[in-house]
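The values are calculated or read from the model by the stated rules, or taken from the named source; none is laboratory data. As the structure is a computational prediction, the values presented were derived from the model and not from experiment. Backbone-built Cβ (ideal geometry, glycine too); neighbour counts: all protein chains shown. For the accessible areas, the whole protein counts, side chains as well, though only heavy atoms, and no ligand, DNA or RNA atoms are used. Shrake-Rupley method; radii C 1.70, N 1.55, O 1.52, S 1.80 Å.
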Amino acid sequence: MKDTPLSNCERDFLLRAIEEKKRLDGRQTYDYRRIKITFGTDYGCCFVDLGKTRVMAQVSCELVAPKENRPNEGIMFFNIELSPMASPAFEQGRQSELSVKLNRQLERCLRNSKCIDTESLCVVSGKTVWQIRVDVHMLNNDGNLMDASSIAAITALCHFRRPDVGIQGEEVTVYSPEERDPIPLSIYHMPISVSFSFFQQGTYLLVDPCEREERVMDGLLMIAMNKHREICSIQSSGGIMLLKEQVMRCSKIASVKVSEITELISKALLNDKAARKAGGRCGFAESMPQERITALKTEETPMEMKDVTERANDIIQKAEAPPPAVSSPVVPVPGVGQVGQQNTWGLEEEDEEDEEEDGEEQKETVAKMEEDQHEMEDRGAGDVVEISDSEEEEVVILHPEIPVKAKNTGSGSHQQGAATSQKRQKK
């Protein structure tokens, strides 16, 4: 899987920031990112965090036959693995051009500089020697893998302890750590690589480039040096032409950075040695209670908590008086707003219109009822009025209107029948 390319806007922004001597993470031109060194439970396991770049180095050893041309020297072997976990651009089980380049540079930095006494790794001349293997695994890639790999490899070699051996005739006995204390390697000096990136044909220079800065750089210069200001290896890539003054300037900067990193490594080794001697927790057991296993955990930022109450009171007193409070809008239903006390919109207007319509309907029905009552009184007691008890609507059912003549004849006959009935009662 190929990495996502930078857009033209991002490229122009990075180059413009570099021209103004600004970097994405707020560092200065010659500043390194924060370096953190931790150790595993076993000897020879080291984790190095260079900003967000995370590297693990593991050192192991075994007894092998020596090389024919060097029968009295041990063997040093280095291997760098770029796993897809570090970056989606890395492929599993396939050596890329970057991995080959890093392997060769690490071999030049550590093996060709003779920083380790390989003759002390000989057990039986011409028959048995120790082979020291250094495996470097990339856990996260955020740029400058070479510097992180060199720091992790040399720190793991300083931290490693090989088993002690005993020779009786031609028989070689390897003792366990419980039987005899393991023996550290004989290390003469600690070479450390420092990377410099150049932009716009060498006009601008940055130390410890991050992943995005590496994408827009024109050239890269890697200098491996120890604290005695001895250059162990130097390599330039990118096809950029550098002047002698530029190389000398980079070597002076590298000498300062190497001395600082060497002091940091020495302190980390002393702290780990003191913790193991005191019987304290180290490695994985130490990481569990402190919750340092998670890679995305952010560290706490120290804050000054002195005179907090006094400062707060001073700020409150100096602050301006708050503006007069404004009555909040009345929102009876979500999605309905109100400004002021009289102007409303939304559902409130609809409710008022419905209420007015209901009131008018009620008035009309009451007026109709009163008219019907007056008509009933005019018609007399003989008329029948039926009112249904339906819940849906109030229906008023009246008899159909009778013609006036029929009403008069009916009313006259009705009056005559009433008069004859009264006469009978008198008789």
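Points to keep in mind about this one:
- Total residues in region 239-289, condition open to solvent by 60 Å² or more (accessible area, probe 1.4 Å), at pLDDT 85 or above and under 31 Å from the mean Cα position of the chain (by Cα): 4
- Residue in region 45-55 that is in a strand (DSSP E or B), open to solvent by 40 Å² or more (accessible area, probe 1.4 Å) and either out of contact with any Asp or Glu (no Cβ under 8 Å at 6 or more places or on another chain) or not polar (S, T, N, Q) (or both) present: yes
- Any chance Ser186 is of a type outside the set (Lys, Arg) and surrounded by fewer than 17 Cβ atoms within 10 Å (Cβ to Cβ): yes
- Complete set of residues in region 214-231 that are surrounded by 17 or more Cβ atoms within 10 Å (Cβ to Cβ) and over 16 Å from Leu102 (Cβ atoms): Val216, Met217, Gly219, Met225, Asn226, Lys227
- Here region 75-120 is the region considered, the condition is being open to solvent by 60 Å² or more (accessible area, probe 1.4 Å) and of a type in the set (Asp, Glu), and the residue that is modelled with the lowest pLDDT is Glu91.
- On inspection, Asn79 does not qualify as part of a helix (DSSP H, G or I) and either among the polar types (S, T, N, Q) or within 31 Å of the chain's Cα centre (by Cα) (or both).
- Single unsatisfied condition, Val136 versus (1) in contact with a strand residue (DSSP E or B) (Cβ under 7 Å, 6 or more places away or on another chain); (2) surrounded by fewer than 15 Cβ atoms within 10 Å (Cβ to Cβ); (3) modelled with pLDDT of 90 or more: (2)
- Test result for Ser149, within 30 Å of Leu221 (Cα to Cα) and open to solvent by less than 10 Å² (accessible area, probe 1.4 Å): yes
- Filtered by the rule that a residue be surrounded by fewer than 20 Cβ atoms within 10 Å (Cβ to Cβ) and either in contact with a Phe, Trp or Tyr (Cβ under 6 Å, 6 or more places away or on another chain) or among the acidic types (Asp, Glu) (or both), region 19-44 gives Glu19, Glu20, Asp25, Asp31, Thr38, Thr41, Asp42, Tyr43.
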